[in-house]
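Step one of this worksheet: look at the structure below.
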Amino acid sequence: NAGVTQTPKFQVLKTGQSMTLQCAQDMNHNSMYWYRQDPGMGLRLIYYSASEGTTDKGEVPNGYNVSRLNKREFSLRLESAAPSQTSVYFCASADRGVEKLFFGSGTQLSVL
Amino acid sequence: QQQVKQSPQSLIVQKGGISIINCAYENTAFDYFPWYQQFPGKGPALLIAIRPDVSEKKEGRFTISFNKSAKQFSLHIMDSQPGDSATYFCAASIEAGGFKTIFGAGTRLFVKA
């Protein structure tokens, strides 16, 4: 029972490089989320997808794009990475809205 | 602005003691208040949650106390154990039709053996 799987686990980028963080869930959940976690800031919502085919901005969407490829997969893209995007990124899914979010194990991203 | 304020930032408790983490919120539209537990290198996991129609919810050693008029809620961990050492996040959201969960800044709990 894998739950929510994120790849990669670690990544180092240079300023201006692009990359895509991948997320897949095997629980047949409708909604999926991308959060970033920074010390002293808790978790902040970047983008979410309420259902397959829809995406919406969260609290801190600037500098990011997302794709809900199908019901299972939700990817996060950094087009031109900046040092301010150094963070730990978590993907989450839920069966219904905000009730019981299931999180992946995170991607630690450093932008130099 | 921080919609959910959590304190303390860090907490050290002796084994067997009571750990108390407090949170306060501003938006009276919030109607679902979960607590998440996170171990190092892992994602957060739902620990316990409460809705504002009750003042207390208990699950094992974990209890949420909720004060709607004060817009405050707290997590009590009774008989704290070293295995409880983790980061705890309170959160708030609007459940019906909502998809945005606002998290507190987190509390790092260390339980001394």
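Taking the Cα centre of segment B:5-66 as origin and assigning +1 to Lys and Arg Cβ atoms and -1 to Asp and Glu Cβ atoms, the resulting dipole is close to 300 debye. So how far, in whole Å, is the C-alpha centre of segment A:49-69 from the one of segment A:8-38? Computed from Cα coordinates, the inter-centre distance equals 12 Å. The relative contact order of segment B:1-85 comes to 32 percent, based on Cα pairs under 8 Å that sit 6 or more residues apart. Principal axis extents of the Cα atoms in chain B, from largest to smallest and rounded to whole angstrom, are 42, 29, 22. Taking Lys and Arg as +1 and Asp and Glu as -1, the other residues whose beta-carbon sits under 9 Å from that of A:ASN30 total 0. DSSP beta bridges confined to chain B are antiparallel in about 90 percent of cases. What residue among B:LYS100, B:LYS57, B:LYS68 has the largest mean-square fluctuation in a Gaussian network model of chain B, using Cα springs under 10 Å? Among B:LYS100, B:LYS57, B:LYS68, the largest mean-square fluctuation in the Gaussian network model of chain B belongs to B:LYS100. For a straight C-alpha distance cut-off of 22 angstrom, the lysines reachable from B:LYS112 (same-chain residues fewer than eight places away being disregarded) are B:LYS15, B:LYS42. The B:LYS68 and A:LYS14 beta-carbon pair, evaluated with R₀ = 35 Å, returns a calculated FRET efficiency of approximately 0.10.
Put the Cα centre of segment B:1-59 next to the Cα centre of segment A:70-112 and the gap is 22 Å.
Note on chain A: with charges restricted to the Cβ of Lys and Arg (+1) and Asp and Glu (-1), its dipole about the Cα centre is near 140 debye.
Dividing the mean sequence gap of close Cα pairs (under 8 Å, 6+ apart) by how many residues chain A holds gives a relative contact order of 36 percent.
Across segment B:51-62, computed HN-Hα scalar couplings (Karplus, 6.51 cos²θ - 1.76 cosθ + 1.60, θ = phi - 60°) run 10, x, 7, 10, 9, 7, 9, 10, 9, x, 8, 9 Hz from first to last residue, x flagging Gly and Pro. The modelled label-to-label distance for the pair A:SER67/B:LYS42, using points 7 Å beyond Cα in the direction of Cβ, is 3.3 nm. Comparing B:SER74, B:SER65, B:SER55 in a Gaussian network model of chain B where C-alpha atoms under 10 Å apart are linked, the largest mean-square fluctuation is found at B:SER55.
Only the coordinates and a few stated rules stand behind these numbers; no lab work does. This structure is a prediction, so every number in the text was calculated from the model and none was measured. Cβ: placed from backbone, ideal geometry, glycine included. Neighbour counts: every protein chain shown.
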